[in-house]
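Only one structure is covered here, and it is reproduced in the block below.
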Amino acid sequence: MGKPKKHYKKNRGGAGQNRAETEAFLKKNRTKPDVIETSSGLQYTIKDPGTGKSPDEWSTVEVNQRILLVNGTVIKNTYHGTETDVFTMAEAIDGLKEGLALMKEGGKFLFVVPPDLAWGKRGAGSKIGPYTALIFDIRLEKVL
């Protein structure tokens, strides 16, 4: 008989575990007094409304953002670096397309993007598992 196989836990978590953790987080988050929930399930909090223009579906945006999993794991953070993120609205996940359209330049929002508005059942890369909600602490620096 050979050696027993070792089972390693994936960093991105299993579908069932992620779905349960996500559903519990979304349920608790929607009860906070400053959280607004859209009909699609996107949850957001306005930290600073901003005063500039809003992006549309053809815009390119420049943002500073901190992206987290619901357990607090940071996926990306541009706030402490020297470079912002620049991308087209067409490139953004559905939750960000919807959320960024609500913002004005200079605004800072906190978005909780449910899995069906993010990467759904497939996840993305090694950090974002299936059925994972994402938290975006995002400032819309400029609509280009």
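Readers should treat all values here as calculations from the given coordinates under stated rules, not as data from a laboratory. Computed from a predicted structure; not experimentally measured. Neighbour counts are summed over all protein chains in view; Cβ atoms, including those assigned to glycine, are modelled from backbone coordinates with ideal geometry.
Just a few scattered comments:
- For the cross-link pairs 76/108; 47/97; 32/142; 108/142; 76/97; 53/108, the ones whose C-alpha atoms lie over 23 Å apart are 32/142.
- Computed magnitude of the charge dipole of the chain (debye, nearest 20; Cβ of K, R +1, Cβ of D, E -1): 1100 debye
- Signed unit charges on C-beta, dipole axis of the chain, positive-most listed residue 93, 31, 132: 132
- Under 13 Å, Cβ to Cβ, from residue 37 - net charge with Lys/Arg +1 and Asp/Glu -1: +2
- Distant alpha-carbon pairs in the chain (separation over 27 angstrom), percent: 24 percent
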